[in-house]
Amino acid sequence: MDKRLKQQYSFDSLNVQSKTSKPIAKNVRGIFKNSTFQYLLFGAILIVLLLVSVKTPYLPYSWYGGLISTACFSIASIGFCLLMGYSGMASLGTGGFIGIGCYSVYYVMTLSGLSFFLAILVAILIAIIIGVIVGFISLRIESIYLVILTLGLSEILRNVYRVLSDSINIGRVEIFGMKILTADTMYIIVPILVIIMIVTKNLISSPTGRAMLAMKNSTAAAQAMGISVLKYRLMAFIICTVYASISGTMLILRNGSATASSGTSFYALITSLNILAAVIIGGYKSIWGAIFGTFVMYGMNTTILQNISFLSEHPELVTIISGVLVIVVVMFYPGGLAQLLQGFKGKISKLLLKIREAKYGKDLG
Amino acid sequence: MGYFLDTVLDSTTAMCVTALVTMAITLIFKTSFTTNFAQGVISAFGAFVASTFFNKMGWPIWCAVPISIIVSAAIAVLVDVGIFRRGRYVNAVGKQIITMGLISVIVSITPLIFPDLKYFATNFLSGNISFVIDGYNVTLAKNALVSVIITTIVLATIFITLRYSKWGLSVRATASNEYVAGMMGINTHIVTAISWGIAGGLGALAASINATSAEIGVYFMTEYQVTAFLAGIVGGFATFHGPVIVAMLIPFCTNMIIWFGNGVISKLTGDATLGASIGNWATTIIYIIALIIIFFKPNGIFGKKIEKKV
């Protein structure tokens, strides 16, 4: 026995010695396949793109606005992705939840004079409370009814904002004694987005994520397996509201002001709908999909479409195109663009297989 | 008493608009199994059409409004036939997203077609009817009276048709199970298309009524639409009358809270700002009450409990 093991080990070591180049390549590929590394790389690329658009003439300045909006709203989209793709519940309260972040920052910073990060903590705390409330409601009401209910809740929040203080203005935030200018907000927003992505990815692969997925596919079966529906529904809603609220703090950090009564404010119905659309377009089960969908809804207009001279002359066409895109994606690719990409990948691998077969003959084994 | 009556009469127009919009939303919800977010913008488009014929071309209002109803109905039918029929197996949330894609399209097209319109008619019928109660001069705008009459006739016709006609039966069958209704020989495509058409028409009528007191714009019906969704849930989408009744109660109760603040609390405490601030919270209070009702009666006030099988 010992001898055989020894032989095996020696064979292994021989193999490694003879093909030293392969494992390194494999390791590098492994690093690139590591999701945490991918997210960090994404963050780095995003910051580089933003810097290029601010500091150099190679990218127009409009890219900055588009990309930073995408980053801010992506945080809310990722939370929504978790809620919809993994726990099977939809909500239209995102707008109202984003408002929690905005108003927490406003009240904590301008009225109490405390720091921005404390404001984020307060926003998270309030979001948890609201998330618990919605979570409890979601135990009694499901599907489309829940969607409308969250819409109602969002309207309540918006009314509260309107009565409390219709328009808020925090100006430029100071962190550690430094004034954060509009162009510098990316150093806060992008790292937070990357952290959110990493946390979410880990959550999805953890038993929590699997329990949520089980609950989505069949509540009864999940309960039979010992999964507490109450716990995971509450958790899903809490995560969704907390992310939306963080997204709100980032938005107010970047914009400096917001108005509740305006139909296009962050907390209006249109934001909730846009986030929902972003997640559907991107594919509601993938973090990359959510980010890409958010880019389509919030970034594509200012970065790409407006720079096409024909479209910049007719700005109304841009909204028409994005509307038509939404309809087409939902009608023909229900899994979103992530599914489209997956299909594309499948087609390429099939093509490669065919080429290999033509070269070496069919693999009969 | 006089101020109370004045408040009640003030809410009539809003009640009419919400009732019509809710009827439209309910019809689409029951036949297409989705909430139509584009209802508001399709209605607004109707108001723009009416405004074009009335303000720009000088047609009488009694012609302009029916034309707007026809145009909106045609758009709604087009949406159903062109988009929803093709995506029949898209799930409910997917359908919602489609309607929101439609919002983007219609919102951008409307200003292209009607570039400089802001107002529609000031009134269907000008003048007031006034009477004195308890020494308080109560006025009822003739316009509000006309709105109430039109709304009552339209809604009554729809309810009677739903209850007693063959079309109504087929709508109810489609609403309860589209697949089985199709197997029993009902042409569900036509039922759905007609429902969309009626919903579009109702929307345009509601928009025209609302346009007598508000500036028209692409989003000017959205608030009513949100109220209608909530009314649908509180009333229970299982019936047609439930949502409409609740829809009429919502603006009424909102105005009642305002009256309570201004008329009762202000007089009792002698503090006018306190009363006014209660009025500010009226919508919030109504929405919270609605949420509490939904929490305890998830199927709505008029809804039926559906047993879920595993």
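The values are calculated or read from the model by the stated rules, or taken from the named source; none is laboratory data. Keep in mind that what you see is a predicted model, and the values were worked out from it rather than measured. We place every Cβ from the backbone using ideal geometry, glycine too, and count neighbours over all the protein chains shown. Ligands, DNA and RNA are excluded from the accessible area calculation, which covers all protein heavy atoms including side chains. Shrake-Rupley method; radii C 1.70, N 1.55, O 1.52, S 1.80 Å.
Can you give the alpha-carbon Rg of region B:173-310 over 2.2 N^0.38 Å, where N counts its residues?
Region B:173-310 yields a ratio of 1.37.
Rounding to the nearest 20 debye, state how big the charge dipole of region A:36-299 is about its Cα centre with +1 on each Lys and Arg Cβ and -1 on each Asp and Glu Cβ.
320 debye
Could you work out the pair-distance distribution P(r) of region A:123-248 from its alpha-carbon pairs, with 10 angstrom bin width and percents rounded to whole numbers?
With a bin width of 10 Å, the distribution comes to 11, 31, 32, 18, 7, 1.
Just need the relative contact order of chain B here, percent rounded to a whole number, with Cα pairs under 8 Å and 6+ apart.
About 33 percent, as a whole number.
Mean separation of Cα pairs under 8 Å and 6+ residues apart, divided by the residue count of chain A: what relative contact order is that in percent?
Reported relative contact order: 26 percent.
Viscosity 1.306 mPa s, temperature 10 °C: give me the Stokes-Einstein translational D for chain A in µm²/s, with Rh taken as the Kirkwood radius over C-alpha pairs.
My calculation gives 70 µm²/s for D.
Using only the alpha carbons of region B:1-141, determine the length spanned along each of the three principal axes and report them from longest to shortest in whole angstroms.
Projected onto its principal axes, the Cα set of region B:1-141 covers 62, 36, 21 Å.
Of the peptides A:316-325, B:192-201, how do they stack up when ordered by the mean number of other Cβ atoms within 10 Å, highest first?
The most tightly packed comes first, giving B:192-201, A:316-325.
Over the Cα atoms of chain B, what Rg and Dmax result, in angstrom?
Taking only Cα atoms of chain B, I get Rg and Dmax of 20.4, 67 Å.
Using a 10 Å cut-off around each Cβ of peptide A:268-279, what is the average number of partner chain Cβ atoms that fall inside?
Counting Cβ atoms of other protein chains within 10 Å of each residue's Cβ and averaging gives 4.
Restricting things to Cα coordinates, could you compute the convex hull volume per residue of region A:275-365 in Å³?
Hull volume normalised by residue count: 138 Å³.
What number comes out for accessible area per residue over region A:36-299 if the probe is 1.4 Å? Units Å², please. Provide the component values of the computation, followed by the final result.
Details: 9350 Å² over 264 residues.
Accessible surface, normalised per residue, equals 35 Å².
So for region B:205-305, averaging the separation of alpha carbon pairs under 8 Å that are six or more residues apart and normalising by length, what relative contact order in percent results?
About 31 percent, as a whole number.
What per residue convex hull volume, in Å³, comes out for region A:209-365 when only alpha-carbon positions are used?
205 Å³
What share of Cα pairs, in percent, lie more than 44 angstrom apart in the protein assembly as shown? Intermediate values should be presented prior to the final figure.
Values: 64998 of 227475 pairs.
Looking at the protein assembly as shown, the distances longer than 44 Å represent 29 percent of pairs.
Highest GNM mean-square fluctuation, chain A, Cα pairs closer than 10 Å: which of A:Gly79, A:Gly131, A:Gly343?
Largest GNM mean-square fluctuation: A:Gly343.
Of the listed pairs A:Lys285/A:Lys345; A:Lys33/A:Lys201; B:Lys142/B:Lys267, which have alpha-carbon separations greater than 22 Å here?
B:Lys142/B:Lys267
What base-10 log of the normalised intensity I(q)/I(0) is obtained for region B:83-174 from the Debye formula, alpha carbons as equal point scatterers, at q = 0.22 Å⁻¹?
-1.03
Would you mind giving the mean number of other chain beta-carbons within 10 Å of the Cβ of each residue in A:140-146, as a whole number?
If you average over the peptide's residues, the count of other-chain Cβ atoms is 6.
Provide the three semi-axes, in whole Å and in decreasing order, of the ellipsoid equivalent to region B:228-287 as defined by the square roots of 5 times the Cα gyration tensor eigenvalues.
Each semi-axis is √(5λ); the values are 30, 9, 6 Å.
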